[in-house]
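Only the coordinates and a few stated rules stand behind these numbers; no lab work does. Note that the coordinates shown come from a computational prediction; the quantities given were computed from them, not determined experimentally. When we count neighbours, we look across all protein chains shown, and the Cβ atoms used for this are built from the backbone with ideal geometry, even at glycine.
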Amino acid sequence: PLVTSKELFSRAYDGNFAIGAFNVNNMEIIQGIVDAAKEEKAPLILQVSAGARKYANPTYLKKLVEAAVEDSGLPIVLHLDHGESYDICKQCIDDGFTSVMIDASHHPFEENIAITKKVVEYAHSKGVVVEAELGRLAGIEDDVNVSEKDAAYTNPEQAAEFVKKTGVDSLAIAIGTSHGAYKFKGEPQLDFERLQKIAKLMPGYPLVLHGASTVLPEFVELCNKFGGDIPGAQGVPEEMLRKAASLGVCKINIDTDLRLALTAAIRKSLSENPGNFDPRKYLGEGRTAIKEMVRHKIVNVLGCNNFL
Ligand code: G3H
Ligand code: 13P
Ligand code: NA
Ligand code: ZN
């Protein structure tokens, strides 16, 4: 069934593992993710951005996720990723989403609280859960100093106050991750001390890590080998994600790794089969690559296999 993340997060918190939140944009991506989760008996969060809704058409995306639920029998959360206003959150709640993110993190603290609170009130009246964000997810140089960190990263005392005042169900925090394939200039580094402080101030509370793709070198290399040009890509090392999952992070967001797997497989297929023009061949190979990527995440990084 379509479910909220409430029970999933409480089990993930207690078990020191995390649930994968995968961005979906089309049928092959959804099928690859769901096939892996089904085989590994893992719960799933399928998340949809405003860009995904624009690309695929909101009705098509919703129906594809419903098909995934019907076909797999898995508990699946349908989540709005980075909702930028009350209105888009309300629209998704009214459309049947079971979870929405209101991302007012670029607003001043008090405004973030006010906007988030308004979304929480509407969502909760409909049985829907809400994720919010505090802090900035900007890419940070590895020689960043303490005051620059304090300005961008999530302030632990503010996080506790924010959660208390808004009643939000989960909170995305900034500790050094960022979106996309270029996360670190030098050595990857996350502020685990800060994460520990946040977790300590909010025992039992589910935290969310955005920008958590690993950017596996083998997929970047495959892209580059078959005509791509993705130099210097670097993600969050797997052991850091496992550590985060043991420190209160219950939801780990992954989009870039899916994009890389799909693109690498399609580039390879087209390059090795120049006479082929049946999209089912290269899209099928892309779908298989997504499935293997997600299986790897579930078993080796998230630890949410054999959940059901
Ligand atoms: O946080 C961003 C996600 O990777 C979604 O990206 O807005 O291009 O769909 P998008
Ligand atoms: P990545 O770009 O690291 O995959 O992060 C995705 C994300 O946070 C979606 O909200
Ligand atoms: Na999100
Ligand atoms: Zn994000």
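Brief remarks follow.
- Residues (of a type in the set (S, T, N, Q), within 16 Å of ligand 3 (Cβ to nearest atom) and more than 15 Å from ALA174 (Cα to Cα)) located in the range 196-255: none
- Residue check, ALA264 among the small types (Gly, Ala, Ser), in contact with a helix residue (DSSP H, G or I) (Cβ under 9 Å, 6 or more places away or on another chain) and either closer than 17 Å to LEU46 by Cα or touching a residue at least 60 places away in the same chain (Cβ under 8 Å) (or both): no
- Residue within the range 150-166 that is surrounded by fewer than 17 Cβ atoms within 10 Å (Cβ to Cβ) and either within 16 Å of ligand 1 (Cβ to nearest atom) or part of a strand (DSSP E or B) (or both) present: no
- Conditions (1) in contact with a Pro (Cβ under 7 Å, 6 or more places away or on another chain); (2) buried (at least 22 other Cβ atoms within 10 Å of the Cβ); number of the one not met by LEU201: (2)
- Per the conditions (1) of a type outside the set (Phe, Trp, Tyr); (2) in a helix (DSSP H, G or I); (3) surrounded by 21 or more Cβ atoms within 10 Å (Cβ to Cβ), the sole criterion not satisfied by ALA212 is (2).
- From the list ILE102, ILE113, ILE93, the lone residue that is away from ligand 3 (no atom under 16 Å from the Cβ) and within 22 Å of PHE9 (Cβ to Cβ) is ILE113.
- Residues in the range 272-284 that are farther than 14 Å from LEU222 by Cβ, of a type in the set (D, E, K, R) and part of a helix (DSSP H, G or I): 2 in all.
- Output for the range 50-86, where each listed residue is among the aromatic types (Phe, Trp, Tyr) and out of contact with any Phe, Trp or Tyr (no Cβ under 9 Å at 6 or more places or on another chain): TYR55, TYR60
- Within the range 167-179, tally of residues that are surrounded by 15 or more Cβ atoms within 10 Å (Cβ to Cβ) and outside any strand (DSSP E or B): 8
- Residue check for ILE254: buried (at least 16 other Cβ atoms within 10 Å of the Cβ), within 23 Å of ASP103 (Cα to Cα) and away from ligand 2 (no atom under 12 Å from the Cβ): no
Matching residues to (1) under 30 Å from PRO203 (Cβ atoms); (2) more than 16 Å from ligand 4 (Cβ to nearest atom); (3) of a type in the set (Gly, Ala, Ser); (4) not in a loop (DSSP other than H, G, I, E, B):
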site: LEU241; (1), (2), (3), (4): yes, no, no, yes
site: ASN253; (1), (2), (3), (4): yes, no, no, yes
site: ASP257; (1), (2), (3), (4): no, no, no, yes
site: LEU270; (1), (2), (3), (4): no, yes, no, yes
site: GLY286; (1), (2), (3), (4): no, yes, yes, yes
site: ILE298; (1), (2), (3), (4): yes, yes, no, yes
site: VAL301; (1), (2), (3), (4): yes, yes, no, yes
site: LEU308; (1), (2), (3), (4): yes, yes, no, no
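- Of all residues in the range 226-251 being free of Cβ contacts under 8 Å to residues at least 60 places away in the same chain and within 14 Å of ligand 2 (Cβ to nearest atom), the one that is surrounded by the most Cβ atoms within 10 Å (Cβ to Cβ): GLY235
- Residue count for the range 43-63 under the criterion of being more than 15 Å from ligand 1 (Cβ to nearest atom) and within 25 Å of CYS250 (Cβ to Cβ): the result is 3.
- Restricting attention to the range 259-268 and to residues that are farther than 12 Å from THR288 by Cα and in contact with a Phe, Trp or Tyr (Cβ under 7 Å, 6 or more places away or on another chain), the residue that is nearest to ligand 4 (Cβ to nearest atom) turns out to be LEU260.
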